[in-house]
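One structure is given here, and the rest of the page talks about it.
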Amino acid sequence: KRFEDEVPLLLKTLRYPFTISKTALHAVGSPHTWPALLAALSWILELLQYDEAARNATSAQAVVADSDGSSAESEFGKELFFQYVSKTYDAFLGGDDEFEDLEAELSATFEQRDADTAEKVQSLEKNIETMRFELKELKCQESPVIELTKRKGQYEQDIEKFTKLLDKLRSHNKMLQQKLDEKRAELAARQTEREAAIVEKTDLKVVIATQEAHAIDAQRIASDRASLKLSMQSAAEARELAEQKHTEAESRISQATRKLEEQLSVYHAQAERLQLVPATARNARGMQFRIQLTRNASATRAEQMLSVGDVREEVVPAIQELKAMFSEEIEKALGERLRLQERRDDMEEQLVLKRDELSGMETKAQRLEMAYKEEREGLGEQLQRSAKEEAAVVEHIQQMKRENDDKLKQSQRDLENLREEYRVKKDSFQLERQTVNDSLYETMDMLTSHKTHIQ
């Protein structure tokens, strides 16, 4: 095709509001054709600018929808409505007054959107239910903070015990080191005495070897040896006796220690039951009632083996004070118990009175129930009559509905006939309009050609 044939068809497809003739395209530079062509170029330029701006706006809306999910729904609705209005307007400009296909497409789009939304809602509801179940489980479980607090308290008590034990071990180690130093000093002295005895023995051997043996000296030495043996035997017996006494004393001490430990365990059990230990307990009031047994080897009395300085002056007065406080609270509780017992007696008397009233009310209720049964029987007969009347009314309504359905079907058939007649007339009108437009275009071309010929 030639350029002069394609441009008018292109402008007509773009719905340019004015007509550009082929003769105007043959003489572009003439004064009477150039303004119309320049206006068409300006219109095409504005159309391209609008199309570019619309594309940029669509891409910007897509970016905003991706970054902000809350505005995506509203933007989607605006875009969908704009597309629907654009298509219907184009169809209207094309001479189509019915938009059933566009409405069906729009309805399908909304139904798909509703299905997606329902699926998202179900997914969110499942997530919410799962979170509620997890929240319920977390609420039913004991708080980990409480367990950690208990474990922290136990660890602090263990650290305190280990610290005390470490102090005791250090003091015991210090005492053993002192004893070791004493034993070493004693060993050094004994070694010095042994060395001196060895030297003396050597000297005596030399003297014995050099001196002459006399009978008197031998007798004296024998008597001295016998007396020394007797002294050694008596010393050995005394040593055995002392060791036996020491063993008996250690046995008595260990028995007394075990007995004291048993008493302390009973004391600690009672103290825990009364919430007196540790010092942070409810009834301890900051005082340390826990008594520890120390292994102090230098202790000479039982009080010196306890962690508390003086039990009679520190622990016993505090316990007596607690006893007096508990006795006072017990007296108050007994008084409250007597008041509650008196109140219970009053309530029992009122209960007897209320039972009598209830018996009278039950008798009255029985009479009312009999009256209710009689009235219900009368209402049942009336209800049966009303049911029969209702059945008759329903039958009448159904008959009227059948008549109205027949009329409605006849009206629908008439409406279809009118629509078919409208379509036929519309087609004939469009054909006639097309014919008129073609005639008009030919007439304009003839006029333009005649005018050009005249000029």
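The figures follow:
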{"quantity": "Neighbour-limited loop hits for trypsin sites (Lys or Arg not before Pro), the range 1-36 (at most 13 other Cβ within 10 Å; DSSP other than H, G, I, E, B)", "calculated": "LYS1, ARG2, ARG15"}
{"quantity": "Size descriptor, Kirkwood hydrodynamic radius, that averages inverse alpha-carbon separations across the range 351-411, Å", "calculated": "16.1"}
{"quantity": "Carbon + sulfur, % of accessible area of the range 353-455 - ligands and nucleic acids excluded, 1.4 Å", "calculated": "56"}
{"quantity": "Accessible surface of THR435 - all protein chains present, 1.4 Å probe, nearest 10 Å²", "calculated": "70"}
{"quantity": "With every protein chain in place, the range 93-220: carbon and sulfur % of accessible area (1.4 Å)", "calculated": "57"}
{"quantity": "Accessible area per residue, Å², the range 107-263 with all protein chains present, probe 1.4 Å", "calculated": "92"}
{"quantity": "Sequence-distant lysines (8 or more away, or on other chains) whose Cα lies within less than 23 Å of LYS22", "calculated": "LYS1, LYS12, LYS451"}
{"quantity": "Heavy-atom surface of the range 327-448, accessible at 1.4 Å and reported per residue (Å²)", "calculated": "95"}
{"quantity": "ILE253 - accessible surface, heavy atoms, 1.4 Å probe, Å² rounded to 10", "calculated": "100"}
{"quantity": "Estimated inter-spin distance, VAL393 and ALA256, nm [label 7 Å along Cα→Cβ]", "calculated": "10.9"}
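The values are calculated or read from the model by the stated rules, or taken from the named source; none is laboratory data. As the structure is a prediction and not an experimental result, all values here were calculated from the model. We place every Cβ from the backbone using ideal geometry, glycine too, and count neighbours over all the protein chains shown. The accessibility values were calculated without ligands, DNA or RNA, using every heavy atom of the protein model including side chains. Shrake-Rupley method; radii C 1.70, N 1.55, O 1.52, S 1.80 Å.
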